[in-house]
Amino acid sequence: MVATAEVIYQRPESFTEVHTHYCPGCTHGVAHRLVAEVIDEMGLREKTIGVAPVGCSVFAYRYFKMDFVEAAHGRAPAMATGIKRVLPDRTVFTYQGDGDLASIGIAEIMHAAGRGENITVIFINNAIYGMTGGQMAPTTLEGMKTTSSPLGRDVKLAGYPIRMAELLSNMDGSAYIVRRSMHNAANVRKSKKAIRLAFEAQERGLGFSLVELLSSCPTNWKLTPQEALDFVGEKMVPVFPLGDYKVHPTLENLKV
Amino acid sequence: MAVTGWIVVDNNYCKGCSLCVEACPQEVLALDMERLTPQGYHPAKMTQDKCTGCGICAVVCPDAAITVYREKPEKVTRR
Ligand SMILES: Cc1ncc(C[n+]2csc(CCOP(=O)(O)OP(=O)(O)O)c2C)c(N)n1
Ligand code: SF4
Ligand code: SF4
Ligand code: SF4
């Protein structure tokens, strides 16, 4: 039989040729790839400006082949606001961890959503501070052991995990707020579709869009990469339910 | 049955995390314990010819290390 080779999948064009510093099996890499794929598919690379956070993804600007700036810890939505207001024709996104977005940066994210800033936020919830050695985050699960909660998170002492997607969906300025997970191939595909819709929201000027992605941190959870994905599916999903918390009517019937 | 799909792992990116090995429905992947990547990891490799080119390994790979190919017959009958 005569046959030719068809490429089913290849590395996105929006990636540089730099190998990342992420730990083996860390789903930060999956989230990066999905963002790059969506930017490729929408042809946005030349006009996109990314805002990198403080956290493990602090070097995100090295991995995306596009304009990027680096924000102070938690301040990415404020920086993105300024950039988008000065350059409204550019596509502006932030990429933030849960320490960055839900702890030190919770004021910036709430107000950016409240103001309905026309930016896209990729929110990586791995229930821990990865970069600094595995301390408790606002998203750490009840009973979960971290370096700053060695006996497990005691909610009487440290409070309850904060569900950001639910909170942000209550802001009138938000247009698209969903939570997805990256713990297996089917969920990775759904995550990508959500990222696509978030960027579509921005391109249509609908307002603030955010995709919360449940992510793994095998190193600080002290699990193998596969065990860490299982932890996301079995332990995180029940606390952080996947779903569409707010979808602007314009996006509802959009085929992507 | 002839090969219908295959993958190529880029050893500059692969970190030997094994997620593709665990995810492959055809169970045709394994870490190559005979080789090390420039970063010092055992890379993923194909062990047999039953790959369907489904792309699942590439979807779960955190390092965009996998390129997936499929045989494309001149007259498309399959899929
Ligand atoms: C103003 C300031 N306060 C504290 C720190 C220390 N710090 C660096 S990263 C980080 C938290 C990172 O956690 P997260 O945002 O969840 O990202 P991850 O590393 O898990 O991807 C903290 C507290 C800092 N760099 N700057
Ligand atoms: S410390 Fe955790 S979040 Fe950071 S790169 Fe390693 S696995 Fe990923
Ligand atoms: S393309 Fe599918 S069958 Fe082939 S190696 Fe990857 S996961 Fe396995
Ligand atoms: S998932 Fe990617 S990085 Fe991990 S072993 Fe497979 S090819 Fe290598």
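Any read-out appearing in this document is the output of simple, stated calculations on the displayed coordinates, not a laboratory observation. For clarity, every value in this text was computed on a predicted model and none was experimentally measured. Glycine also receives a Cβ, built like all others from the backbone with ideal geometry; neighbour counts cover every protein chain displayed.
Considering segment A:112-190, its Cα convex hull presents a mean projected area of 6.7 nm².
Across chain A, the convex hull enclosing all Cα atoms gives 138 Å³ per residue. The base-10 log of I(q)/I(0) for segment A:14-81, evaluated at q = 0.11, 0.20, 0.26, 0.27 Å⁻¹, reads -0.25, -0.84, -1.27, -1.31 [Debye formula, identical scatterers on Cα atoms, solvent excluded]. Inter-chain Cβ neighbour count for B:15-28, averaged per residue, equals 4 (cutoff 10 Å, partner chain atoms only).
Taking a straight Cα-Cα cut-off under 29 Å and skipping sequence neighbours fewer than 8 places away in the same chain, the lysines within cross-link reach of A:Lys255 are A:Lys47, A:Lys65, A:Lys84, A:Lys190, A:Lys192, A:Lys193, A:Lys246, B:Lys72. Rg/Rh for segment A:186-247 stands at 1.07; both radii use Cα atoms, and Rh follows the Kirkwood definition. This model, with +1 at the C-beta of Lys and Arg and -1 at the C-beta of Asp and Glu, gives segment B:11-79 a dipole about its Cα centre of some 320 debye.
Averaged over residues, the count of other Cβ atoms within 10 Å places the peptides A:164-171, A:120-127, A:205-212 in the sequence A:120-127, A:205-212, A:164-171, highest first. The distance linking segment B:18-32 with segment A:78-145 is 34 Å (Cα centroid to Cα centroid, whole angstrom).
Averaged over peptide A:11-21, the number of partner chain Cβ atoms lying within 10 Å of each residue's Cβ comes to 3. Equivalent-ellipsoid semi-axes for segment B:4-71 (Cα gyration tensor, √(5λ), whole Å, largest first): 18, 12, 10. Lacking any other cysteine beta-carbon closer than 4.7 Å, the following Cys residues of chain B have no compatible partner: B:Cys14, B:Cys17, B:Cys24, B:Cys51, B:Cys54, B:Cys61. Using only side-chain charges placed at the Cβ, +1 for Lys and Arg and -1 for Asp and Glu, the dipole size of chain A relative to its Cα centre rounds to 120 debye.
By other beta-carbon atoms within 10 Å, ranking A:Arg163, B:Arg70, A:Arg204 with the fewest at the front produces A:Arg204, A:Arg163, B:Arg70.
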